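Here is the structure we will look at.
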Amino acid sequence: MQVFVRDNNVDQALRILKRKMQREGVFKEMRRRRFYEKPSDKAAREKTESIRRLRKQARKQAIRDGLIAAPVRKPTDSNKRGPQLRASVITGTGQNQPSPTPRVRANETRD
C-alpha cells in the first residue's frame, strides 16, 4: 500500500492511508488476530460471512434483473458542515443579521 505526501501535508496523507486500510479490511483483520480463535469459532464465522456475501450477491442480482426495487438513497444534507455564512459576512458588507419576519397587514391575521 502506498500513499504520496503532497506539499508536506502529512495529515492529509494519514487520512488517505487510514481510508485505504479501512477499505482493505486491515483494521478488521488486526482486531480479529488480537486473540486466538478456536477452529470451531473460525469455521462458524467464515460460514456466516459466506452466507452474508451470497445473500448480498443474490440481492444485487435481483435488483439488476428488476425483480426487486433498488433501495432508496437518502438525500444528502448540504448543511452537514454547520450553518453557512451569508454573503454579507463573507464579503464584509454589513452585519450577519437574521432575515426579517414576514409583515402582516392590519386586516390580515396570522395562523
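The residues on offer are ASP41, ASP77, ASP65, ASP7, and the sole one that is open to solvent by 100 Å² or more (accessible area, probe 1.4 Å), of a type in the set (Asp, Glu) and either modelled with pLDDT under 95 or more than 24 Å from the chain's Cα centre (by Cα) (or both) is ASP7. Residue pairs whose Cβ atoms lie under 8 Å apart, separated by 6 or more positions or on different chains, with the first residue in segment 1-26 and under 30 Å from GLU49 (Cβ atoms) and the second acidic (Asp, Glu), are MET1/GLU24. Summed over segment 11-38, residues that are exposed (fewer than 10 other Cβ atoms within 10 Å of the Cβ) and either in a helix (DSSP H, G or I) or of a type in the set (Lys, Arg) (or both) total 6.
The values are calculated or read from the model by the stated rules, or taken from the named source; none is laboratory data. Treat the numbers as computed from the prediction; the structure is a model and nothing was measured. Glycine also receives a Cβ, built like all others from the backbone with ideal geometry; neighbour counts cover every protein chain displayed. These area figures cover heavy atoms from the full protein model, side chains too; ligands, DNA and RNA do not enter into them. Shrake-Rupley method; radii C 1.70, N 1.55, O 1.52, S 1.80 Å.
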